[in-house]
1. State log₁₀ I(q)/I(0) for segment 51-140 at q = 0.12 Å⁻¹ as given by the Debye formula over alpha-carbon point scatterers of equal weight, solvent excluded.
2. Please list, ordered by chain and number, the residues whose modelled amide H lies under 5 Å from the amide H of G89; skip anything fewer than 5 residues away on the same chain.
3. Let me cross-check V233: its accessible surface, 1.4 Å probe, with only protein heavy atoms counted, in Å² to the nearest 10?
4. Applying the Karplus parametrisation 6.51 cos²θ - 1.76 cosθ + 1.60 with θ = phi - 60° to the phi angles of segment 77-88, what ³J(HN,Hα) value in whole Hz is obtained for each residue in order, glycine and proline being reported as x?
5. What list of ³J(HN,Hα) couplings, whole Hz, do you get for segment 203-215 from phi and the Karplus terms 6.51, -1.76, 1.60, once you set θ to phi - 60° and write x for glycine and proline?
6. Over the alpha-carbon set of segment 182-296, divide Rg by the Kirkwood Rh and report the Rg/Rh ratio to two decimals.
7. Let me cross-check D240: its accessible surface, 1.4 Å probe, with only protein heavy atoms counted, in Å² to the nearest 10?
8. Please list, in order along segment 216-233, the HN-Hα scalar couplings obtained from phi with the Karplus expression 6.51 cos²θ - 1.76 cosθ + 1.60 (θ = phi - 60°), rounded to whole Hz, x for Gly and Pro.
Amino acid sequence: MPDGRLRRLELTVTRRLDGLLHGQYRGLLPGVGSEVAGSREYRPGEDEVRRMDWAVTARTAVPHVRQVDADRELTTWLLVDASPSMEYGTAELDKRELTVAAVAAVGFLTAGSGNRIGAQLLGPAGLRRFPARSGRTHLLGLLRTLLTAPRVGGYDPDTAPLAPPDLTDGLAAVGRVATRRGLVVVVSDFLDGLPEDPADPPPWEPPLRRLAVRHQVLAVEVTDPRELELPDVGLITLVDPETGRRREVWTGDAGLRGRYAMAAAAQRDQVSQALRRCGATHLPLRTDRDWCADIVRHVHAQRRLALAPAASGGPARRPVAPRGGAA
């Protein structure tokens, strides 16, 4: 039953994650707001140049960026990929179930007085929008919709729209509704439109980059182990859930399995590099791993980056305030 699954999921997040992420700083990302909270040394490839603290940089001769407290009220916008490729799964969870778990973690961990959460659900039939609202009832309604949405069940040329929306369309839609600075969370496998040449940027990179200019962006990448390596099980039929294309593959060939693993690793690295260029925080989750533990490791890593000691001679800093912000 969906309600029973939702209750178990809520208990998992509120008990297990809260137990591990105890204290005030229990959110998924260090908050970004408007109140200056000191400076720290600039990290190339991770910090935005527009946050440079030029006064401290000139005084210390070491590049520094401003740190700011989180805003009191946070608006979180979710873009949830519910395309056919997200129905796949060979472990304890499939990718859709892991997506729901990720949305639950974001929702319950960013919940607070005055905080709101809205969503865009990207499916084969189009984009479905959920207005940004506060409260547990609203969040549970969103999770219930994700759990009970009909399974796609594979590509059907008779019912598939001529031009179904893709991840690029979804990101553009979020940009239109997310008018106030806040947190944007994208949950997807990020395979949509990924070019064969790793040197070419994916089509969703420009709109994601635009979102990251104004908002904190958390990219939750959902994968399954069989997308990364093939098992030695003889002859299998591979089906592209997005197009319906089929190909028979003999998995007994060790060379083929090796080439597949190398190509899959290169593809995931391509996604990671694109997310890094956009300035998004990357949280990879796998259907065969403990997603709670992976989220905890991610949060602790983000805290270490945010609270790293400033260079000698730099100003003293205080922790990023968690007052309902993205912290």
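1. After summing over all Cα pairs, the log10 values are -0.57.
2. K95
3. Result for V233: roughly 90 Å² accessible.
4. Per residue, the Karplus-derived 3J(HN,Hα) values read 10, 9, 10, 10, 7, 10, 6, x, 5, 7, 8, 7 Hz.
5. x, 7, 5, x, x, 5, 5, 5, 4, 5, 5, 9, 10
6. On the way: Rg = 16.0 Å, Rh = 15.8 Å.
On the Cα set of segment 182-296, Rg over Rh gives 1.02.
7. In the full protein context, D240 sits at about 60 Å².
8. Result, ordered by residue: 6, 10, 10, 9, 9, 8, 9, 9, 10, x, 6, 7, 9, 7, 9, x, 8, 10 Hz.
The values are calculated or read from the model by the stated rules, or taken from the named source; none is laboratory data. Owing to the predicted nature of the structure, the values given are computational and were not obtained by experimental measurement. In case anyone asks, the SASA skips ligands and DNA or RNA and just uses the protein heavy atoms, side chains included. Shrake-Rupley method; radii C 1.70, N 1.55, O 1.52, S 1.80 Å.
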